[in-house]
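The values are calculated or read from the model by the stated rules, or taken from the named source; none is laboratory data. The shown structure was predicted, so the numbers you read here are calculated from the model rather than taken from an experiment. FYI the Cβ positions are ideal-geometry reconstructions off the backbone, even for glycines, and counts take in every protein chain you see. The area values use the complete protein model at the heavy-atom level, side chains included, leaving out ligands, DNA and RNA. Shrake-Rupley method; radii C 1.70, N 1.55, O 1.52, S 1.80 Å.
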Amino acid sequence: MLAAERGAARNTLAAYAADLADFARFAAARGLALHQADGPALSGYLASLAAQGLAARTSARRLSTLRQFHQFLAREGVRSDDPTELLDAPKLPRLLPRALSEAEVTALIEAAAGLPGGRGPVAAAAVELLYCSGLRASELVTLPAAALRPGAGEAPLIAVRGKGGKERLVPV
């Protein structure tokens, strides 16, 4: 459903599969099938994640996976309820990304340019493209050569397929 209806990316699908497999092991150890989990089992799972020392962001993502899974089961008539409705998400710290200094960016570009055997210029161009365009690293590594669109009297553009398969044009 995530792939077909929501166009979820391969990495998202893999993360959800891993999250569900982890919870399935937890539930099986308590004699429950994955689709039979109740509120106390789900609460216990979240508590076990915290006890393992996992970050609040990881627990929140796993809870999101479980919520979407149980909402799907309810929509499909597999369950008559959604046991995740009453669960509270972990409190997430509000962290802003730290911008790199000009010296750090220069050092990254120079280090990339110094890679051996013809890889240097490509790596330096990739780092410069990340820096000037704001692309995600995952978007950059999946960027086809045909993505570059020459601009008419303007800066060239790159057609980027982002999250959810949506395309956007990014000036370079």
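Scanning the range 11-64 for residues that are part of a helix (DSSP H, G or I) and of a type in the set (D, E, K, R), we see that the one that is most open to solvent (accessible area, probe 1.4 Å) is ARG25. Here ALA8 fulfils each of the conditions (1) assigned to a helix (DSSP H, G or I); (2) within 20 Å of LYS163 (Cβ to Cβ); (3) among the hydrophobic types (A, V, I, L, M, F, W, C) apart from (1). When the residues of the range 1-45 are filtered to those that are polar (S, T, N, Q) and touching a helix residue (DSSP H, G or I) at 6+ places or on another chain (Cβ under 9 Å), the one that is nearest to ASP81 (Cα to Cα) is GLN36.
Filtering the range 82-102 for residues that are polar (S, T, N, Q) and farther than 30 Å from ALA55 by Cα leaves an empty set.
For the range 91-105, a residue qualifies if it is under 18 Å from the mean Cα position of the chain (by Cα) and not aliphatic (A, V, I, L, M), and the qualifying residues are PRO93, ARG94, PRO97. Among helices (runs of 4 or more DSSP H) entirely within the range 92-171, having at least 1 residues that are open to solvent by 90 Å² or more (accessible area, probe 1.4 Å) and within 22 Å of THR12 (Cβ to Cβ) singles out 137-141. State yes or no: is ARG67 farther than 24 Å from ARG6 by Cβ, surrounded by 10 or more Cβ atoms within 10 Å (Cβ to Cβ), among the basic types (Lys, Arg) and modelled with pLDDT of 90 or more? For ARG67, the condition - farther than 24 Å from ARG6 by Cβ, surrounded by 10 or more Cβ atoms within 10 Å (Cβ to Cβ), among the basic types (Lys, Arg) and modelled with pLDDT of 90 or more - is not met.
Of the residues making up the range 72-91, those that are of a type in the set (Lys, Arg) and open to solvent by 70 Å² or more (accessible area, probe 1.4 Å) are ARG75, LYS91.
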